[in-house]
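Taken together, the values in this text are just the output of simple stated rules run on the coordinates, not laboratory data. Treat the numbers as computed from the prediction; the structure is a model and nothing was measured. Cβ placement follows ideal geometry from the backbone for every residue including glycine, while neighbour counts extend to all protein chains displayed.
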Amino acid sequence: MTESSPSLSEPIAQTSKLGDRLFGGTSKGAGILILVTLAAVSLFLISEAWPAFTTDLTDLDGGDTFFQYVLPLVFGTIWASFLALTIALPLAVAVALFISHYAPRRMASTLGYFVDLLAAIPSVVFGLWGITVLAPILARSIYPWLEENLGFLPFFAGPASTSGRTMMTAAIVLSVMVLPIITAISREVFLQTPRLHEEASLALGATKWEMISQAVLPYGRSGVVSGAMLGLGRALGETMAVAIILSPADLITFNVISNQNPNTIASNIALKFPESSGLEVNRLIATGLVLFLITFIVNVFARRVADSGFSGAEG
């Protein structure tokens, strides 16, 4: 009987080792595929954008150098994404906390389902909603009030747009688009807070909000940052919604309620690429390379912040 045990265990061990090798090889292949794809995209962007960096582009439309051409686009991309994240992040954290710690279980599951469903809506639908529903409401009531009462600030100096095709409208629509991403990630991280941490805080006499601020938010800090950076990545690369709503111009301005707004890189490429040829295509691809670098820098920064936040939560 003792001699039969090895013969029975050998097939199981061999099957287990084979499964481990297959899984390890598949995982390694997936990781290599991601790196190869990223390298291929980088090489394509660099090779196609190189003529825009080495050739005189002053003969093209506008007569600007590449730096003069891309600078307003970079500003518009960062400005629109910053406004969207400023609006969406506090609301997303509040919704995530309500779902995870305040709402009844049945309501929380239903609300979480609708939040996830919001992320599946195509961007063109958000753009149409923004230009047909949101923009007229803002142009009729909100923007004139902002110009009249807060016009001393450069953000609301006016003249207020009568069509609603402003940076503020685009930023609000972008915030709605990134809201489900940040909410979903924050909610899952908040739900992973150790129960003992929460009970210890409550046992020491803390209120529910004090418990959340002492135990839940520090533990979920890295997840909130990661969700915010994912949302920022979508806002940076959003195309159709911004192209539908925004009334773009080649300028740099912080005014968010006027008709003259800086364009974004992604929207500019979508609007001009079909009619471009020759060096114009290379210039547009070069702006895409700039957007690629911005997104890469944001992701690297987010990874560092998330890692430091997770270490702080563990400590």
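Per DSSP helix of 4 or more residues, -39500 (n - 2.57); summed, then divided by the residues of the chain. What does that give at 222 nm, rounded to the nearest 500?
For the chain, the value works out to -23500 deg cm²/dmol.
Could you give the longest part of the chain that holds none of the chymotrypsin sites (Phe, Trp or Tyr not before Pro) found in DSSP loops with at most 15 neighbouring Cβ atoms within 10 Å?
1-151
Which one of Val224, Val36, Val298 has the biggest mean-square fluctuation once the chain is modelled by GNM with Cα springs under 10 Å?
The residue with the greatest mean-square fluctuation here is Val36.
Whole Å is fine, so just give me how far the alpha carbon centre of segment 281-306 lies from that of segment 76-148.
Taking the Cα centre of segment 76-148 as reference, the centre of segment 281-306 is 25 Å away.
Lys17: which lysines have alpha carbons under 24 Å from its alpha carbon, excluding same-chain residues fewer than 8 sequence positions away?
Within the straight-line cut-off, Lys17 pairs with Lys28.
If you build a Gaussian network model of the chain, linking Cα atoms that sit under 10 Å apart, which residue out of Ser277, Ser226, Ser175 swings the most?
Ser277
Can you tell me the dipole magnitude for the chain around its Cα centre, using point charges on the Cβ only (Lys, Arg +1; Asp, Glu -1), in Debye to the nearest 20?
Its charge dipole is roughly 740 debye.
How long are the semi-axes of the ellipsoid equivalent to the chain, from square roots of 5 times the Cα gyration tensor eigenvalues, in whole Å, largest first?
Sorted largest first and rounded, they come to 43, 32, 17 Å.
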